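Structure first, then comments.
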Amino acid sequence: MTRRELGENYFKQGYNCAQSVVLAFNDVLGIDKESAVKLISGFGGGFGRMREVCGAVSGMIAVVSAVKGYSNPTATTEKTELYKAVQTLMNEFKNKNGSYICAELIGEKKACSPTPEKRTEEYYKKRPCALLVGDACEILENYLNN
């Protein structure tokens, strides 16, 4: 199964968009699945359904940070390289989808109820989220392989 398929499947199981991307790359994170899922859980819905930065993009950034991140606060070179990677990934996602802002991607107003919608057939028909998760996984996989 491809990382794209993994991410899309996790989303269809009920994980949020950020969790789905992180789970598709959990093998490269170096932390257990439960910790990874909990750590990123608030990023779904564009930060807790605030409809800001797409959760799939946040998941992508979490993974690249785990792979290329730094721990020394004075590590200017490493920080620059990570920020370059983040900008590359975000720009590629935006070029493919027209935005990396959740509200723009799903055609909703910003900030909505904190209560998630039920995952029904109708939900999946009206939301591009599974495909956006797949795009984020594909973009990230290509980046990490090059």
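Every number in this text was worked out from the coordinates using simple rules, so none of it is lab data. Just so we're clear, the structure is a prediction, and the values are computed from it rather than from any experiment. Note that we place each Cβ from the backbone using ideal geometry, even for glycine, and neighbour counts take in every protein chain shown.
For Cα pairs less than 8 Å apart in space and 6+ apart in sequence, what is the mean separation divided by the residue count of the range 3-145, i.e. the relative contact order in percent? Don't skip to the end; give the middle numbers.
Numbers: 206 pairs, mean separation 46.3, N = 143.
Across the range 3-145, relative contact order equals 32 percent.
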Of the residues Asn72, Asn95, Asn26, which exhibits the maximal mean-square fluctuation in a Gaussian network model of the chain defined by a 10 Å Cα contact cut-off?
Asn72
For Ile101, list long-range residues whose amide hydrogen, built 1.01 Å from N in the peptide plane, is under 5 Å from its own amide hydrogen.
Cys54
Given the DSSP H assignment, sum -39500 (n - 2.57) over each helix run of at least 4 residues in the chain and divide by its residue total; what's the result at 222 nm in deg cm²/dmol, nearest 500?
-19000 deg cm²/dmol
Of the residues Glu92, Glu117, Glu104, which exhibits the maximal mean-square fluctuation in a Gaussian network model of the chain defined by a 10 Å Cα contact cut-off?
Glu117
Report, to the nearest 10°, how far helix 76-97 tilts away from the longest principal axis of the Cα atoms in the chain, using its own Cα long axis and a range of 0 to 90°.
30
Using only the alpha-carbon atoms, how far is helix 3-12 inclined from the longest principal axis of the chain? Give it as 0 to 90 degrees, nearest 10.
40
Relative to the chain, whose Cα atoms define the longest principal axis, helix 129-145 and its Cα axis are tilted in degrees, nearest 10, by 20
Percentage of interatomic Cα-Cα distances in the range 3-145 larger than 22 Å
34
If you take the beta carbon distance between Gln87 and Lys125 as r and set R0 to 30 Å, what does 1/(1 + (r/R0)^6) give as a FRET efficiency, to the nearest 0.05?
0.35
In Å, what Rg and Dmax follow from the Cα atoms of the range 69-146?
16.2, 49
